[in-house]
Amino acid sequence: MASIEQAKKLAAFTAVDNHVKPTDKFIGIGSGSTVPYVVERIIQQGEEVNKDRIFLPTGFQSRQLIIAGGLRLGDVSQYTHIDVTIDGADEVDADLNCIKGGGACQLQEKVLAEAASTFILVADFRKKSSILGTTWKQGVPIEVSPGAYAPMLERLKKMGSPNATLRMAKMKAGPVVTDNGNFVIDAPFSEEDYKNPKELLVKLKMLTGVVEVGLFCDMAKAAYFGNGNGSVSVRHADGQTEEIQAQ
């Protein structure tokens with residue numbers, strides 16, 4: 001297995017081992033390239049512990065992973081309290097604020113994150129930074145109503161994101177369309193803006209036509225980063241950090 005994939009697997013396995021307990025019955029499954037390893041580890045916990053659990057997806061990818069794994073699929077409209085949600089991230093800063101939405105699932109991801117008693121991030125070492133925008137250069141993913149995208153681009157440029165762009169699909173003509181039928185704008189901001197992501201989030205949410213913003217602030221309890229040397233770096237919400245060596 002390539003080192004990056006091994007790093008993702010290490011982060012996912014360690015996070016599941018530490019936070020998905022036998023008593024947890026309602027579990028949110030996030031999106032992204034690290035999440036298949038989350039589901040793999042949960043399945044390894046065994047049929048006996050999983051038979052009474054309900055798994056809630058953040059999008060099409062996680063829904064298919066749940067079904068393929070033989071796990072019980074649920075919906076947040078039925079189960080509004082989640083014990084733990086584990087999700088990936090595009091970048092995580094020193095305070096566990098993160099950018100999400102590279103896979104265009106930020107609305108449902110945030111719904112499941114807010115509904116969870118414990119929200120955990122998993123990623124490889126490339127996603128760890130001190131300030132947002134350091135490694136993720138594409139910008140903040142903003143889900144917008146299709147009818148609002150053109151004036152939204154103009155507003156964003158005036159707000160300090162001159163390179164804001166409508167995200168285009170790669171295997172179809174036209175823009176990316178989210179699971180909710182909306183468009184996505186990627187809006188890069190300055191380092192100064194990223195230093196206060198909560199303030200930036202509020203400003204963006206106030207724009208007419210915005211459905212959700214891919215800034216997750218003060219939500220995660222911990223973030224797990226798999227490293228190329230086989231260790232896992234953990235950042236906790238209380239500021240503590242730890243290094244877990246490979247077994």
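The values are calculated or read from the model by the stated rules, or taken from the named source; none is laboratory data. Note that the structure is predicted; figures quoted are calculated from it, not measured. Quick reminder, even Gly has a Cβ in these numbers, built from the backbone with ideal geometry, and neighbours come from all protein chains shown. Keep in mind that these areas ignore ligands, DNA and RNA; they rest on the heavy atoms of the full protein, side chains included. Shrake-Rupley method; radii C 1.70, N 1.55, O 1.52, S 1.80 Å.
A few points about this structure:
- T80 open to solvent by 10 Å² or more (accessible area, probe 1.4 Å), over 16 Å from K127 (Cβ atoms), among the polar types (S, T, N, Q) and modelled with pLDDT of 95 or more: yes
- Residue list for segment 134-193, filter: in a loop (DSSP other than H, G, I, E, B), open to solvent by 30 Å² or more (accessible area, probe 1.4 Å), touching a helix residue (DSSP H, G or I) at 6+ places or on another chain (Cβ under 9 Å) and among the hydrophobic types (A, V, I, L, M, F, W, C): W136, M159, V177
- Members of segment 220-247 that are under 16 Å from E114 (Cβ atoms) and surrounded by 19 or more Cβ atoms within 10 Å (Cβ to Cβ): A220
- The sole residue among T34, T14, T58 that is polar (S, T, N, Q), in contact (Cβ under 8 Å) with a residue 24 or more places away in the chain, farther than 21 Å from G103 by Cα and touching a strand residue (DSSP E or B) at 6+ places or on another chain (Cβ under 8 Å) is T14.
- Condition check for T118: under 30 Å from V16 (Cα atoms), in contact with a strand residue (DSSP E or B) (Cβ under 9 Å, 6 or more places away or on another chain) and modelled with pLDDT of 95 or more: yes
- Subset of segment 204-219 that is assigned to a strand (DSSP E or B) and within 19 Å of A115 (Cα to Cα) - its residue that is most open to solvent (accessible area, probe 1.4 Å): V211
- Criterion: in a helix (DSSP H, G or I), open to solvent by 10 Å² or more (accessible area, probe 1.4 Å), modelled with pLDDT of 95 or more and of a type in the set (A, V, I, L, M, F, W, C) - qualifying residue of I43, I131, I66: I43
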